[in-house]
Amino acid sequence: MATIYIDQRPYAADPRTNLLQASLALGFDLPYFCWHPALGSVGACRQCAVKQFRDEKDKHGKIVMACMVPALEGTRLSIDDPEAREFRAAVVEWLMTNHPHDCPVCDEGGECHLQDVTVMTGHAYRRYRFEKRTFRYQDLGPFISHEMNRCIQCYRCVRFYRDYAGGRDLDAFAAHNHVYFGRHEDGVLESEFSGNLVEVCPTGVFTDKTLKRHFTRKWDLQSAPSICTHCALGCNTIAGERGGVLRRILNRYHHDVNGYFLCDRGRFGYEFVHHLRRIRRASARLAPGEERREIARTALRGRLAALLTNPERVIGIGSPRASLEANFALRTLVGAERFFQGASDRECGLLAEALRIMRAGPGRIPSLRDVAESDAVLVLGEDVTNTAPRLALALRQAVRQQPLLQADRMNIPRWHDRAVRDLLQDRRGPLFLGAVAPTRIDDIATRFLRASPENLARLGCALARRIDGHAPEESGVLPTDAAAFIEEAAAALLAAKRPLVVAGVSLGSAALLAAAANVARALSAAGRPAALSLVFPEANSLGTALLGGGRLSEAFAAAAAGRVETAIILENDIYRRAAPRDVDAFLRSVPHVVVLDTLAHRTADAAAVVLPAGTFAETNGTFVNHEGRAQRFFQVLPPDEWVRESWRWLGELATGSQTAPAWPNLDAVIAALIAEFPELAGVRRAAPGADFRVGGQKIARASRRFSGRTAQHANLDVSEPKPPDDPDSPLSYSMEGYPGQPPAALVNLFWSPGWNSVQSVNKFQNEIASPLAGGDPGVRLLEPASADAAVGDYFPSPIGAWEDGSGGALLAVPRHHIFGSEELSALAPGVAERMPAPCAEMNPDDARALPVQEGGLVRVTIDGRDLVLPVRLEAGLPRGLLSIPVGLPDLPGLDLPAAAAVKGVP
Amino acid sequence: MLSILKSVWLVFLHLFRRKITIQYPEEKAYLAPRYRGRIVLTRDPDGGERCVACYLCAVACPVDCIALGATEDEHGRRYPEFFRINFSRCINCGFCEEACPTYAIQLIPDVEMAEYQRQNMVYEKKDLLIDGEGKYHGYNFYRVAGLAIGGKDKGEAEKESPPVDPKSLLP
Amino acid sequence: MSDVVFKLVLIATVLLVILHLAGFLIWVERRLLALLQDRLGPNRAGPLGLFIIVADIIKIFTKEDWIPPFIDKPVFVAAPMIIMVTALLSFAIVPFAPGAVILDLDIGVLLFLGLSSMGIYNVILAGWASNNKYALLGGLRMAAQMFSYEVFMGLSLMGVVTLAGSFNLSAIVHAQREGWFIVPQFLGFLIFFIAALGETHRLPFDMPEAESELIAGYHTEYSSMKFGMFFVGEYISVTLFSALMTTFFFGGWLGPVLPPLAWFCVKTAGFIVVFIVLRAALPRPRYDQLFAFGWKFILPAALLNLVVTGALVLWKSS
């Protein structure tokens, strides 16, 4: 730590930072625009001007930009210096000359960094009396509103979009005071991380278009800390509610997971919560053959009690998108031997294998931050942009790690963004990418190789053997360009300090998982402790794998044998999990199906009783993310008479009583869970329990300036109702609560006096871009014994016999889409707009052989089922492969990869 | 002692003074134009709703008796979908009027709003919106703001130059 | 027999009139205070706003009779009754007209002094039983105030008794046929009047209530008719002291032309008005000033008055 003097007082500062960062960390209110903790400094906006003095005798000083001066030992500066103050006020005044008179109709108003800085510098009245320059805005797609008039030319948008997120289609145009930030023409922003522009832009140029549809100011939202449900990474979010409507999702800083950024699926997928298909009331079929009807509480209780009279004949099917607590509650209700995991058989197998690998620990399990800090990466098979989008953004940072060493050698601090980028130019660290088809990170790959899943596994095994001769030998013919790939990758990974292997279950290949684990194992054996990041499909995939349970096919078999009278299906559309004919047969053979879910779907249509479950926004629970981190999400929509946590419904079913359920609150479920699974003991520490108080007070969901309390519901009844109780969490549905900063797991609002924008996150950290004060939330459940402890055996990689292009049929491989493949987010209107039309992709050579043209229809027969899809030619796809989109609505549950017979449809 | 007697005497003489009481329902007191009474929503000189649903009145309200919801017309002009004031809570402080950036919300010298049912004190937008400009004439927020709305394109507001062509490098 | 009937009728009449008068005084005070402050006061309900009394009574009877859980219940309930009883009993000795006196006692003055001393218990007990710091402070102030003003109230009357040569109130009135005692006993009158203000704890001497300091003093915890009894009791006391001042210093029923009862009523009403005018005009003194005034100024003055009167009487008779 260095000692710096701010206004003649000594302070301790990290010499690796700059003065702006140090001042902010010390709690000073120093305005800035172009600096961003994740983007570094460029010194463009001139807003953070301070006066620097040579030594204690220097009374004159000089004005410098705080963000461009390192916080070296003995640095003397003055923030309060009148000249510096005047300078900053003048800068804002100039920036404001063309700023429109829009604040009342601007979505950023009230959480605008420009407003905050304008107030902070004291610029209160516009003196500029002349014409303002104007711009036309662009239509940037369903997520982002654009209003260029408001721009203050800080360049943060292009620095994030191009430099950080690797986007291509947003840039700065024109010159002098006409500089324009946008696309070259109207159109959808291509980057999957465009939503972060909303938080990166210091003013209202880029705003959230989904929020605009139900616009509410920041101060009017009731917020709760939440966890993204749309993939397995478990990004931390803040969900904002008003008037019973979920209004938006914001990033919730987590040092190790999502940092400052989210993907667009996570940010804009929330609108499924208010989809028309939401189940809002319980309904039941009272006699066979009848329609289901809404049913009163008492009748429902009787009906359910009747269905559960014979506990030996009741089974439960869990769900990887339901919370750990909900799955556990179902497992407790039906008994462990009659509880089945909700994922497809193949996925269950893969998850079990992945869990086995993670427990054995061939490498560290990296967090997203660890991923971003890795200096050599091997991606094996996973199309991360589409299956775990935020991971792709982390990988984009990982490839900067090696070139950054060059900057270190030249004594250029890493925060000095412009200088570093000028030095590094286009140099990138090693990232080796094996995939079945072109991916969105091909542009950062040192080398990529496209092959079938089995061949990728073979490639992995060969690479492992190249790194460590003890690795098992793999027979079979490698693709032609594999040799160079293996050589280069082995060299790069062995040269790296923190090598990383990324794989996942999305290609449905256990061999691939084992191969990736073997690469990590080989690296560890070679003295390069590697990290192994495995990607899973759903928010709680790993959680359900930890709980265990039978396979769906076993459930189907039990039903076919007539051993099942009642099946309780938890938050799961099993038509997405197994072949429709098997599901049809299952649903027919079970006399009573009880579905507990948030959204009506085909499974629910067949059910005798449907109970409304709550979404992530209406419930409290825990998800276990891809690295085994248990993270708690909290209710933000006030509870409803009917829509409730699944575990609460199940707790009532267990005892048959609403007043005395099996578990009175979430803490009781977690206590029971831990008693049964000691491995999950960390779940309790993921967040403070319901009895947590600060100074006797709960944490308020509503902001301190929450408005309309006595008028919001006055049209219904002029007497204000009592705010809803929340027995499960230390958060209250009220403005009343502890006014200070809560523990990190309960932070539901980034706000600090004078800092109304999301930039106030600086005030929640001890050091800038460090963990939230008090430690980041979440508890990792799976810590391998030690990173470099002798790392078990190699994993046998069961590579199938399939060869690329062999035989007449093609190998259908799954194609995931960031927008559409995930069940819930696909129902959000904005995401649905970005969803691609389903199509089968194949190599042009394969298409010529059929023959079929681009756009022509083909009949694809997989496992005895016909699909008719238009063809898209994809030269990047190896011959013999047919990529079929998965998870898109109206595409039945396919078990891929599988052989597919393809015929042209005339 | 004498002063006490004197003040008693002076007070006693007030018995015969003219009384200042105004016999309210029959006689009406003079209320200045800026008297803070009933709240109305006004229209701009072109007859459009002045309120742009910015929520500033709601947040300024110390008793939180204003609730509204923003929406937009097809041209991007923002207006309140609903606007509700619970006058049974209102303390006529006038903060909402001070906070209003568009002169939409105004307090007028009308204090006669007693009701037998408290529910009737809840005023919706249809009860609040008047057809005139109220106390402040001639102001139209959208003529000053940079936002384009129906009938006013970019660069057509007061003191705005026409939109820039970002593909031109000319000065 | 007819004597007993006459007494009973008189008792009934006095009770009826006094109680109604108390209610009426609520209106009188509110109107008069308003007029003194250039307002009109309650003038809406009925002619001249007189029905406000009915409205007040309905209101006070129908309010929730709240007995706080922390009080000493028997004492709390008994306290407001004491003032009613003592103030009403004192009217027994007041001669309204020749012969129209309920109890023509030879020790009338002493009975009155005794009852007025009893009266302070209502405040002290109310303050004590309320178990409330403001109420207790109010009660303590009342005790101290009563103790000091009681002394020279008695002394101030001794001059009158000396001149009249009797403790009988009718006799005192008769003794004024030659001239009202206000002339020889002007100092005595002033002292008695000040003491009356203290005894009735009316403004400016309402230390035990002192809204601005003690919420409502001794009756902070009282509501509904229990509060009403304090309220009405105060007006009865005002009426009583006005009647006694009339009797002691202004010749009672004596007067030309009009019937005796009318004279008595007119004089009493005049004093009631004075009480109200004083309330409108004077601020409340500080607590210590009140006591300094009482002990250092009024008491010597009362003694001086008694000595000079006695000396004059002795000199005259000798």
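Listed by first and then second residue, the pairs with beta-carbon distance under 9 Å, at least 6 apart or on different chains, first residue in region A:858-875 and hydroxyl-bearing (Ser, Thr, Tyr), second assigned to a strand (DSSP E or B), are A:Thr861/A:Leu867; A:Thr861/A:Ala900; A:Thr861/A:Ala901; A:Thr861/A:Val902; A:Thr861/A:Lys903. Just a yes or no: is a residue in region B:132-141 within 11 Å of another protein chain (Cβ to nearest Cβ), in contact with a strand residue (DSSP E or B) (Cβ under 7 Å, 6 or more places away or on another chain) and either surrounded by 14 or more Cβ atoms within 10 Å (Cβ to Cβ) or in a helix (DSSP H, G or I) (or both)? No - not one qualifying residue is present in region B:132-141. Within region A:256-272, the set of residues being part of a helix (DSSP H, G or I) and surrounded by 24 or more Cβ atoms within 10 Å (Cβ to Cβ) comprises A:Asp264, A:Arg265, A:Gly266, A:Arg267, A:Phe268, A:Gly269, A:Tyr270, A:Phe272. Determine, yes or no, whether B:Leu147 is under 17 Å from B:Leu56 (Cβ atoms) and either more than 9 Å from chain A (Cβ to nearest Cβ) or not in a helix (DSSP H, G or I) (or both). In short, yes. Residues in region C:128-138 that are in a helix (DSSP H, G or I) and more than 26 Å from C:Ser242 (Cβ to Cβ): C:Trp128, C:Ala129, C:Lys133, C:Tyr134, C:Ala135, C:Leu136, C:Leu137.
I'm trying to understand the selection: among the residues of region B:1-23, which are more than 30 Å from C:Ile298 (Cβ to Cβ) and either surrounded by 10 or more Cβ atoms within 10 Å (Cβ to Cβ) or touching a residue at least 60 places away in the same chain (Cβ under 8 Å) (or both)?
B:Arg17, B:Lys19, B:Thr21, B:Ile22, B:Gln23
Just one of the listed residues (C:Gly233, C:Gly188, C:Gly217) is closer than 19 Å to C:Ile26 by Cα and either buried (at least 24 other Cβ atoms within 10 Å of the Cβ) or touching a helix residue (DSSP H, G or I) at 6+ places or on another chain (Cβ under 8 Å) (or both), namely C:Gly233.
Please indicate, with yes or no, whether at least one residue in region A:468-487 is of a type outside the set (Val, Ile, Thr) and under 29 Å from the mean Cα position of the chain (by Cα). No, region A:468-487 contains no residue that is of a type outside the set (Val, Ile, Thr) and under 29 Å from the mean Cα position of the chain (by Cα).
Of everything in region B:153-171 that is surrounded by fewer than 18 Cβ atoms within 10 Å (Cβ to Cβ) and not in a loop (DSSP other than H, G, I, E, B), the residue that is farthest from the other protein chains (Cβ to nearest Cβ) is B:Pro162. Take the conditions over 15 Å from C:Ser117 (Cβ atoms) and either free of Cβ contacts under 8 Å to residues at least 40 places away in the same chain or assigned to a helix (DSSP H, G or I) (or both) and apply them to C:Glu150. Does it pass? Judged against the criteria, C:Glu150 is not a match.
Search region A:400-458 for residues being in a loop (DSSP other than H, G, I, E, B) and touching a Pro at 6+ places or on another chain (Cβ under 8 Å), and hand back the single one that is surrounded by the fewest Cβ atoms within 10 Å (Cβ to Cβ).
Filtering first and then ranking leaves A:Arg427.
Considering only region A:701-747, state which residues are outside any loop (DSSP other than H, G, I, E, B), closer than 17 Å to B:Asp64 by Cβ and away from chain B (no Cβ under 14 Å). Selection gives A:Ser732 alone. Is region A:855-878 home to any residue that is of a type in the set (Asp, Glu), assigned to a loop (DSSP other than H, G, I, E, B) and at pLDDT below 90? Yes, there is a match, as at least one residue in region A:855-878 is of a type in the set (Asp, Glu), assigned to a loop (DSSP other than H, G, I, E, B) and at pLDDT below 90. Pairs are defined by a Cβ separation below 8 Å, a sequence spacing of at least 6 or placement on different chains, a first member in region B:124-140 that is under 13 Å from B:Tyr103 (Cα atoms), and a second member that is polar (S, T, N, Q) and in a strand (DSSP E or B); the pairs so defined are B:Gly134/B:Gln106; B:Lys135/B:Gln106; B:Tyr136/B:Gln106.
Of the strands (runs of 3 or more DSSP E) that lie entirely inside region A:1-114, those containing 1 or more residues that are surrounded by fewer than 16 Cβ atoms within 10 Å (Cβ to Cβ) span A:2-6, A:9-13, A:62-65. Residues in region A:652-682 that are assigned to a helix (DSSP H, G or I), modelled with pLDDT under 90 and of a type in the set (Gly, Ala, Ser): A:Ala654 only.
When only residues in region B:1-31 that are among the charged types (D, E, K, R) and out of contact with any helix residue (DSSP H, G or I) (no Cβ under 8 Å at 6 or more places or on another chain) count, which is nearest to the other protein chains (Cβ to nearest Cβ)?
Restricting attention to region B:1-31, the residues satisfying the condition of being among the charged types (D, E, K, R) are B:6, B:17-19, B:26-28.
Narrowing further to those that are out of contact with any helix residue (DSSP H, G or I) (no Cβ under 8 Å at 6 or more places or on another chain): B:6, B:17-18, B:26-28.
Values: B:Lys6: 10, B:Arg17: 5, B:Arg18: 8, B:Glu26: 11, B:Glu27: 12, B:Lys28: 16 Å.
Per the criteria, the residue is B:Arg17.
Here the strands (runs of 3 or more DSSP E) wholly within region A:141-234 that include at least 3 residues being crowded, with 24+ Cβ neighbours inside 10 Å and more than 14 Å from every other protein chain (Cβ to nearest Cβ) are A:222-227. Give the residue, chosen from B:Arg38, B:Arg34, B:Arg50, that is more than 8 Å from every other protein chain (Cβ to nearest Cβ), touching a residue at least 12 places away in the same chain (Cβ under 8 Å) and within 29 Å of A:Lys209 (Cβ to Cβ). Only one candidate qualifies: B:Arg50.
If the condition is being assigned to a helix (DSSP H, G or I), of a type in the set (Val, Ile, Thr) and over 12 Å from C:Arg30 (Cβ atoms), then region C:42-71 contributes C:Val54, C:Ile57, C:Ile58, C:Ile60, C:Thr62.
Looking at region B:71-89 only, could you name the residues that are among the hydrophobic types (A, V, I, L, M, F, W, C), within 9 Å of another protein chain (Cβ to nearest Cβ) and surrounded by 22 or more Cβ atoms within 10 Å (Cβ to Cβ)?
Step one: filter region B:71-89 for residues among the hydrophobic types (A, V, I, L, M, F, W, C), giving B:82-83, B:85, B:87.
Next cut, within 9 Å of another protein chain (Cβ to nearest Cβ) only: B:82, B:85.
Residue satisfying the conditions is B:Ile85 alone.
Restricting the first member to region A:589-610 and to residues that are at negative phi, and the second to residues that are crowded, with 24+ Cβ neighbours inside 10 Å and of a type in the set (D, E, K, R), the beta-carbon pairs closer than 6 Å and six or more apart or on different chains are A:Asp597/A:Glu571; A:Ala604/A:Asp597. Evaluation of A:Arg127 against the conditions (1) within 14 Å of chain B (Cβ to nearest Cβ); (2) farther than 30 Å from B:Asp73 by Cα; (3) part of a strand (DSSP E or B) shows that the sole unmet condition is (3).
If a residue has to be surrounded by 14 or more Cβ atoms within 10 Å (Cβ to Cβ) and free of Cβ contacts under 8 Å to residues at least 60 places away in the same chain to count, how many in region C:25-38 make the cut? Break it down into steps so the answer makes sense when it comes.
Of the residues in region C:25-38, the ones surrounded by 14 or more Cβ atoms within 10 Å (Cβ to Cβ) are C:25-37.
Okay, now just the ones that are also free of Cβ contacts under 8 Å to residues at least 60 places away in the same chain, so C:27, C:30-31, C:34-35.
Total satisfying the criteria: 5.
For B:Arg36, indicate whether it is surrounded by 17 or more Cβ atoms within 10 Å (Cβ to Cβ), of a type outside the set (Ser, Thr, Tyr) and more than 18 Å from B:Asp110 (Cα to Cα). In short, no. When each of C:Leu8, C:Leu32 is tested for being within 14 Å of chain B (Cβ to nearest Cβ) and of a type outside the set (Asp, Glu), the lone residue that passes is C:Leu32.
Put simply, of C:Leu103, C:Leu40 the only residue that is within 14 Å of chain B (Cβ to nearest Cβ), more than 21 Å from C:Met146 (Cα to Cα) and aliphatic (A, V, I, L, M) is C:Leu40.
The values are calculated or read from the model by the stated rules, or taken from the named source; none is laboratory data. Since the model is a prediction, treat every value here as computed from it, not as a measurement. Neighbour counts are summed over all protein chains in view; Cβ atoms, including those assigned to glycine, are modelled from backbone coordinates with ideal geometry.
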